[in-house]
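Laboratory data are not the source of any read-out in this text; all were calculated from the coordinates shown. Computed from a prediction, not measured in an experiment: that's the story for all the values here. Reconstructed Cβ throughout: ideal geometry from the backbone, glycine too, with neighbour counts over all protein chains shown.
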Amino acid sequence: MSDNAGANGFKIQGGQIARNTFLNFAGMGLPLIVGLVAMPLTVRWLGTERFGLLSLIWIVFTYFSFFDLGLGMATTRIIASALGKGETESIPRYFWTTTILQAFIGLLSGVALVSVSPLLVDRILNIPPAFVGEAKLSFLLLGASLPLILVTASFKGALEAGQRFDIVNAVKVPSSALNYLLPPLGALAGFRLPGIVLLLIGARALTCVAWAGFCFRAFPNLRSGFGFRRDALKPVLGFGLWVMVANAVNPVLVYLDRFLIGRLMTVQDVGYYTAPYEGVNRLSIVPYSLLLTIFPMFSALDAGGDQAKKTLFYRRSIEFLTIFMGIIISVVIFFAHDILHLWLGEAFAVRSTTVLQVLAAGFFFTAIANVPYSLLQAIGRSDVVAKLYIGELILYVPLAWFLIKKLGISGAAVALATRAFADMVLQMILAARLGRIHSGPTFKNGMPRAVILTLVLVTASVALRPFGWGAPAFVLLVLMAPVVIWRRVFDARERTLFTEGIRSARLRTRRTARRR
């Protein structure tokens, strides 16, 4: 797709979706690889007790954004909306209001953490006496750093709003990598846990400075607009508080099944369920990379009133996830037994193959739901998402309880997949109505046919596998996928753009060869 200027001059490029999604994928994937290499060294050089404490500190570092009242996401949305309208003069008013509020919340959270740390160390956590002093000092340092952690989210959110994912990930990759590298390096240098925590805080401070510097370059008017504006609180908190509610309910929906399995079955069954779940959940890096990209894009397009482009990007995002995740999930479903056998052994392959297959199908629906979720948040309807999650929780609890009692851990997987499918459908309906997304030929004809055909072929290949026909059926699926995508998913315009893209690539290749 050619470059197109959005409303009031804010430039939105079709190629940005793929480019920024890849940047976000690399920004999350590369540090994970570093973590896999560094983790064994951390355990060996730090010791299991200190590593256990470090794991708790990592959790606070990574997930404490839950307590920011949704202000990080609010910052991204409001700035992207201002850019979409061409109202850049309003950016400092909202940005500094949310940033100051973030700092205040971080200060309160830090005081709370410092206040409860003696209770955590002495009463709640079973910490060996030799490490009590280190633990208390580490939590004290961590509490003091919470304002910095939350303020950093504002600078990052502003850059994401401006579609500067190149800058975001240029800082994010080394910063996240240091989160894994500093502990073993600190342990090798003879530091104890408080020293390692100081190293981590120092890395976070450098990250904040880097993002702030780039943010001031991207938005020069932030230098002169510092101040807290009461009139900016209502739109910020009105959106952010509902985001916080959704963020509070979603983990319950995600982790409730394991507690029910532990209550109704055995702890061993929890393990047979958790392992395939965590394996499938690692694939979430793909849809989440896309979500980070399209949320500010939808916010800008909605604010600018560009319905045609918003609909186009919405459809293409769903198409991308349907195609890409459909292929990955098909492979996981077909090779589920082999994957579990190689990864965890035959016992898991026997007990958890069906669980992995059903969870993979459920994850496919969850991945697709990221697109309407992003749109609903972008148009300011975080309240709808939160209320939907609350309704799902009320219905999901009895469903999961019943299916686990009847079908065991496979029933838990069925309950999760059922909820994921319902969530996808409901969010797509709400996004279409509230976001005024017009159904095109892809939604009316192509996509349902492609999804149904894929599910039928995958189911048939799995069912025929015991009779020796599974592999041929799966090969047939793979061979038919490009035909189905070309004829039933892409519309005429997209087929033309794809063909022109191939021709352009060939011409560039020929020109390069001639120069050589």
Practice problem: Using R₀ = 30 Å, calculate the FRET efficiency as 1/(1 + (r/R₀)^6) where r is the Cβ-Cβ separation of Ser55 and Ile100; round to 0.05. | Solution: 0.40
Exercise. At 7 Å along the Cα-to-beta-carbon direction for both Val132 and Ser224, put a label point, then send me their distance in nm to one decimal.
Key: 5.8 nm
Quiz item: What order do you get for 386-399, 165-178 when each peptide is scored by the mean count of other beta carbon atoms within 10 Å, highest first?
Solution: 165-178, 386-399
Quiz prompt | Zone residues, the range 95-115, relative to Ala248, backbone N less than 17 Å from point 7 Å out along Cα-to-Cβ | solution = 105-106, 109
Quiz item: Tell me, in nm to one decimal, what length is gained between Gln268 and Ala347 on full extension, where the rule is 0.36 nm per residue of separation less the Cα-Cα distance?
Solution: 27.3 nm
Self-check item: Whether the range 108-190 is rounded, prolate or oblate, judged on the alpha carbon gyration tensor where a/c under 1.5 counts as rounded
Solution: oblate
Quiz prompt | Listed pairs Lys310/Lys387; Lys156/Lys310; Lys136/Lys234; Lys234/Lys387 exceeding 27 Å between Cα atoms | solution = Lys136/Lys234
Quiz item: According to a simple spin-label model (label point 7 Å from Cα along Cα-to-Cβ), what is the distance in nm between Glu89 and Gln307?
Solution: 3.0 nm
Exercise. Might you report the magnitude of the Cβ-based charge dipole of the range 115-168 about its Cα centre, with Lys and Arg at +1 and Asp and Glu at -1, to the nearest 20 debye?
Key: 80 debye
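Evaluate the charge dipole of the range 14-228 about its Cα centre and quote only its size in Debye, nearest 20, assuming +1 on the Cβ of each Lys and Arg and -1 on the Cβ of each Asp and Glu. Numbers along the way, then the final one.
Values: 15 positive and 8 negative charges, 42 e Å.
Here the range 14-228 has a charge dipole of around 200 debye.
Under the classification rounded if a/c is under 1.5, otherwise prolate if a/b is larger than b/c and oblate if not, where does the range 159-269 fall, given a ≥ b ≥ c as square roots of the Cα gyration tensor eigenvalues? Write out the running numbers ahead of the final one.
On the way: a/c = 2.50, a/b = 1.19, b/c = 2.10.
The shape class here is oblate.
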